[in-house]
Amino acid sequence: MRYVDGFVIPLPKKNLRAYRRMAQMGAKVWRKHGALEYFECVGDDLDPKWAGITFPRVVRAKPGETVIFAFIVFRSRAHRDRVNARVMKDPLMNDPAYTDKSMPFDTKRMAYGGFKVLVEA
């Protein structure tokens, strides 16, 4: 059964360019180590009238922030665990070009989880 790691984060709009660079590096590393798909999406329609709880509310977005919704697809949870272990050992993950910079978002307001795929069409 396929497996997905997903997360939602608040991102100051002024940090979108820096976040995109970080996300592009993440995509490269996760795909290199076997992730099937890698998506990083920026908020566009974040205040639908029919929603119970919006993504901005979930991450307590502040004025001037948008929301990133991201997910990585794996063959299974075991595959996810193997890929993530290899990713954490990848030299690029310890490259000072990335590690010496502060995160472009507030990690304490990030929502994250691993999910079994229930329906796939």
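The values are calculated or read from the model by the stated rules, or taken from the named source; none is laboratory data. All figures in this text were calculated on a predicted structure; none of them were measured in a lab. Glycine gets a Cβ as well: all are built from the backbone with ideal geometry, and neighbour counts include every protein chain shown.
Of all positions in segment 80-95, at least one carries a residue that is in contact with a Lys or Arg (Cβ under 9 Å, 6 or more places away or on another chain) and touching a residue at least 60 places away in the same chain (Cβ under 8 Å).
Looking only at segment 19-47, which residues are closer than 19 Å to Pro63 by Cβ and either touching a residue at least 60 places away in the same chain (Cβ under 8 Å) or not charged (D, E, K, R) (or both)?
Step one: of segment 19-47, the residues closer than 19 Å to Pro63 by Cβ are 19, 42-47.
Across segment 19-47, the qualifying residues are Tyr19, Val42, Gly43, Leu46.
Scanning segment 99-118 for residues that are surrounded by 15 or more Cβ atoms within 10 Å (Cβ to Cβ) and either at pLDDT 95 or above or not in a loop (DSSP other than H, G, I, E, B) (or both) yields a count of 1.
Kindly indicate which of Ala121, Ala78, Ala85 is among the hydrophobic types (A, V, I, L, M, F, W, C), assigned to a loop (DSSP other than H, G, I, E, B) and out of contact with any helix residue (DSSP H, G or I) (no Cβ under 8 Å at 6 or more places or on another chain).
On the way: Ala78 fails: assigned to a loop (DSSP other than H, G, I, E, B); Ala85 fails: assigned to a loop (DSSP other than H, G, I, E, B).
Checking each option against the conditions leaves just Ala121.
Restricting attention to segment 1-29, the residues that are closer than 22 Å to Asp95 by Cβ and part of a helix (DSSP H, G or I) add up to 15.
The residues of segment 12-41 that are touching a strand residue (DSSP E or B) at 6+ places or on another chain (Cβ under 6 Å) and not charged (D, E, K, R), listed by number, are Pro12, Tyr19, Ala23, Ala27, Trp30, Ala35, Leu36, Tyr38, Phe39, Cys41. Among the residues making up segment 45-96, those that are charged (D, E, K, R), closer than 14 Å to Val8 by Cα and at pLDDT below 95 are Arg57, Arg60.
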